[in-house]
Amino acid sequence: MYPDDAPIGDAYLTHEAVQAILERQKNLCAGCSVSLDAGSTHFDLWRPAICGGPRTLGNLAALCPSCHRNHMRRIREEFADHKNK
Ligand SMILES: [Zn+2]
């Protein structure tokens with residue numbers, strides 16, 4: 001029903017998309033495999049759009065707050081690298 005290359009919108013994830021991601025990850029964080037809690041789960045593009053990542057369901061990851069912070073930092077560093085090249 002939701003293939004991995006299904007495009008996602010720019011604004012909000014649908015409830016179905018969220019469910020598909022959580023199901024794929026068995027409700028575990030993509031970074032550290034901790035059990036995700038519905039109230040504090042972050043959804044983000046695993047491969048950021050600024051680095052050529054597609055806005056598709058397959059490129060989205062559910063992360064715990066701590067991995068999300070690390071992920072954001074990693075993206076900022078990658079982006080800084082891009083600009084320096
Ligand atoms: Zn995590």
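Quick notes on this structure:
- Residue selection: Ala17 satisfies the criterion of being away from the ligand (no atom under 16 Å from the Cβ) and open to solvent by less than 40 Å² (accessible area, probe 1.4 Å).
- Any hit, segment 60-80, residues being assigned to a loop (DSSP other than H, G, I, E, B) and touching a Pro at 6+ places or on another chain (Cβ under 9 Å): no
- Any hit, segment 21-35, residues being touching a helix residue (DSSP H, G or I) at 6+ places or on another chain (Cβ under 7 Å), in contact (Cβ under 8 Å) with a residue 24 or more places away in the chain and among the polar types (S, T, N, Q): no
- Filter pass, Ala30 being modelled with pLDDT of 90 or more and open to solvent by less than 40 Å² (accessible area, probe 1.4 Å): no
- Residue among Ser66, Ser35, Ser40 that alone is open to solvent by 70 Å² or more (accessible area, probe 1.4 Å) and hydroxyl-bearing (Ser, Thr, Tyr): Ser35
The values are calculated or read from the model by the stated rules, or taken from the named source; none is laboratory data. Remember, predicted model here, so these are calculated numbers, not experimental data. Reconstructed Cβ throughout: ideal geometry from the backbone, glycine too, with neighbour counts over all protein chains shown. Remember, those area values only see protein heavy atoms, side chains included, never the ligands or the DNA or RNA. Shrake-Rupley method; radii C 1.70, N 1.55, O 1.52, S 1.80 Å.
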